[in-house]
Amino acid sequence: MTDYVKEFLEHREYAAAGLYETPDRSLFYRKSLALRRYFEHCPIPEYKGKPLYPSGRVSAGMTFGPSYMTGINVWPNQKFIDSAPHLFAKLQEEFNVYQSCLPLEHCVAGNMHTHSMPNYERIVYEGLESYRERILKIEDKDMRDGLIDLLDGIFTYIDRCVEYLKSVDADKALISALERVPKYPAENIYEGLVCWNFIMYLDGCDNLGATARCLAPLYRGENIVPILGNLYENLDKCEGYSMSLDSTCPELSLQFLDAMNRYRRRPMIEFFVDENTPDILWEKAFEVTRRKSGQPAFYNPKVLQDGLMKRFPSIKEEDVRKFCGGGCTEAMLMGLSNVGSLDAGINFLLILEKTLKEKLSASASFDEFYEEFIKDSRAVVDMITAGINKNREMRAKYNPLPMRTLLIDDCIDRGVDFNSFGSRYSWSIINFAGLINVIDSLLAVKDLVYDRKKYTAEELLGFLEANDEAFAAEARKLDIRYGIDDPFVNSFANKLSDELFSMLDGVELWHGLGFLPASIQFNSMAYAGMDVGATPDGRRAKEPIADSLGAIFGKDTEGPTALLNSVTSLRLDKALGVPVLNFNIQPDFSDDVLKALILGYMKKGGAQMQISCISKEDLLDALKNPDKYGSLVVRVGGYSEYFNCLEEKTKWVVINRTVQTNI
């Protein structure tokens, strides 16, 4: 036993001790053993009388514990750090070797983040014990031994949980279920949900995946709404993210929506709809919407699933049906993919600011200036994709993830770690931030400098440098703007989005199928704007950038249909990462009108629409009287959040959105 093991054990840091039991073996094995030691000794979660276990926020109880991003994470524990600084420094030195090399100004909403979701379905119907036979076929001894250790550690943890539940006289049905799952296949829908919940906690409470569709074969008409409410509450309290929902089994999907009707924030439901979606599901979805929960978001499965297969022909049709947005809403396949979500976020408005300062005065025509912006954009895209590839290579070397290697196909069968891209599919998603600001800014430059020649290039640059309010007010009122279904603007938006999104076409990804663009903003709208001075679209210096693919607030003045037509003028078929649209409406909307708008939008290629149903007056009142609105939830950029939890600038972005009327 090494001195480090003895010292960590003295501090009851069992996971950290496990890292040093076999210092000469691979990092994959050492992390696996660390996880086993954690599960053998970690505090058992408190039973709270809920139908699922664990429930609520589960504290690691130690400084070192599981994490879905790093495998083993360092949790805040100043007492340990103060009492054993040399141990903390040792772990930091050895396990924080990998650091992203991307420039922070182009990490809008993401910097080599990797959300994912286990293959819940396989575990529910096969059980984890069946994985042992596949693991034993792995040639790499360290990976084989590590996964067996991890599996045995999980089973020890399950046994510890069951013994604890018996000791506190917990519900016998729950005890019986955990004596069976997730070790063995579930035999009914309650066991399926107990299994799903337990695996969610093992994975770090990231995403729920396609729960309803996968559990439909176990459904026999039971009322599971209270159990679903518990599942939702667990994900929410652990700061988890999304879940997809379709109409494979309408009666079951109705219960999933009804559970959200009683619960408010997360999971963010991605509701796949089309003209065949039963009326009863539309009615329930709109009932939930009226509760001012920001739920559900509406998704076009045809655009997203068919688009992925067209973009990446190696994806099998039966696999693409497992599409589910992970993290906020980034495109991935449940249990089969390793997706950089988001790997980076390119601030195109920052690029435009540079092009304006360096190239506008020397450009004899708008077309010449436009091409300079495209060149500058391509240079940044090339830099970012090269950086992502470097990061992926470094992460594979220095950050193996045994838990996700166990839970996500085909890592075991290939004998390759998840972070070395052993999963069946892998791609990288890059957020394209500020696109709408760029569209309106370029149109303003074309109109003011080149077409009407109202200002010289130098005069316009002077207004921007001075952050001139009079110029900003004039620019915000220009007739040529995105969001009003202007044919020329739509044509220009189509051209620009095509050129920018196409910059990722054919770019080689280190161990993966390729890159996908997305447009996903949340509080990133505010901090991305802090890097950028005043811009020709009427945005003042340091103000937030545009809200994903919606119009700049106050500019979409021609109604909801005009806005949706403007959005579908973009090359959404290329932005498969996913392209987010926030859509604000009044609570007195008509179900039939909103349904027609959603389906019409999707027929024209719209991929996703998320709806906040609250008046501007209520939002302003919530700003002044937060205590009255503790449960008010709004959609931000792919996720739902309590309004009171948003930063001040993000609150104003939500308040200033156009609330669509006459719906």
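The values are calculated or read from the model by the stated rules, or taken from the named source; none is laboratory data. The shown structure was predicted, so the numbers you read here are calculated from the model rather than taken from an experiment. With ideal geometry, Cβ positions are generated from the backbone for all residues, glycine too; neighbour counts draw on all protein chains shown. Note: areas computed on protein heavy atoms with side chains; ligands, DNA, RNA excluded. Shrake-Rupley method; radii C 1.70, N 1.55, O 1.52, S 1.80 Å.
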Honestly the chain on the Cα gyration tensor test (a ≥ b ≥ c root eigenvalues; a/c under 1.5 rounded, otherwise a/b vs b/c for prolate or oblate) is just prolate
How much of the DSSP bridge set in the chain is antiparallel, in percent, rounded to the nearest 5? 35
Dipole magnitude (debye, nearest 20) for the chain, charges at Cβ of Lys, Arg, Asp, Glu: 520
Take Lys542 and Asp627, extend 7 Å from each Cα along the Cα→Cβ direction, and tell me the distance between the two endpoints in nm. 3.2
Would you kindly give the portion of the calculated P(r) for the range 556-616 that falls above 18 Å, as a percent of all Cα pairs? 34
Projected onto the charge dipole of the range 355-424 (unit charges on the beta-carbon of Lys, Arg, Asp and Glu, signs +1, +1, -1, -1), the Cα from Phe366, Val416, Ile388 with the largest positive-side position is that of Val416
Given the Cα-Cα distance of Tyr98 and Ala364 and 0.36 nm per residue of separation, how much length would full extension add, in nm? 91.1 nm
Looking at this model, which pairs from Lys616/Lys651; Lys90/Lys390; Lys310/Lys603; Lys316/Lys604; Lys555/Lys628 are more than 23 angstrom apart at the alpha-carbon? Lys90/Lys390; Lys316/Lys604; Lys555/Lys628
What number comes out for accessible area per residue over the range 447-496 if the probe is 1.4 Å? Units Å², please. 53
Surface accessible to a 1.4 Å probe, Val381 within the full protein complex, Å²: 0
Protection proxy (average C-beta count within 10 Å per residue), highest first, orders 470-482, 203-215 as 203-215, 470-482
With +1 at each Lys and Arg Cβ and -1 at each Asp and Glu Cβ, the charge dipole magnitude of the range 168-261 around its Cα centre, to the nearest 20 debye, comes out at 220
Scan around Gly340 for amide H atoms under 5 Å from its own, H built in the peptide plane at 1.01 Å from N, and keep only partners 5 or more places away or cross-chain. Trp427, Ser428, Ile429
In Å², what does the accessible area per residue of the range 98-207 work out to with a 1.4 Å probe? 37
Over the chain, what percent of the accessible surface lies on carbon and sulfur atoms, probe 1.4 Å? 50
Mind ranking 547-555, 384-392 by how tightly packed they are, going by the mean number of other C-beta atoms within 10 angstrom, highest first? 547-555, 384-392
So, counting K/R as plus one and D/E as minus one, what does the shell of residues with Cβ under 13 Å around Met403 add up to? -1
Calculate the spin-label point distance for Glu617 paired with Asp479, positioning each point 7 Å from the Cα along the beta-carbon direction, and give it in nanometres. 3.4
Ellipticity estimate at 222 nm from DSSP helix runs (n ≥ 4, -39,500 (n - 2.57)) divided over the chain, nearest 500: -13500 deg cm²/dmol
Here the gain from full extension of Arg25 to Asp140, 0.36 nm per residue of separation minus their alpha-carbon distance, amounts to 40.2 nm
Using a 10 Å cut-off on Cβ atoms, rank the peptides 424-432, 159-167 from the highest mean neighbour count down. 424-432, 159-167
Length added when fully stretched, Ala470-Asp82, from 0.36 nm per residue minus Cα-Cα: 134.2 nm
Looking at the square roots a ≥ b ≥ c of the eigenvalues of the Cα gyration tensor of the range 490-583, which shape do they give, rounded for a/c under 1.5, prolate if a/b is larger than b/c, or oblate? oblate
What does the C-alpha gyration tensor say about the overall shape of the range 294-390? Classify as rounded when a/c is under 1.5, otherwise prolate if a/b is larger than b/c, or oblate. prolate
In nanometres, what is the gap between the two model label sites at Glu163 and Thr248, each 7 Å from Cα along Cα-to-Cβ? 3.8
Can you list which of the DSSP-assigned H helices in the chain have a Cα extent of 27 Å or more along the long axis and an average Kyte-Doolittle score of at least -0.5? 141-167
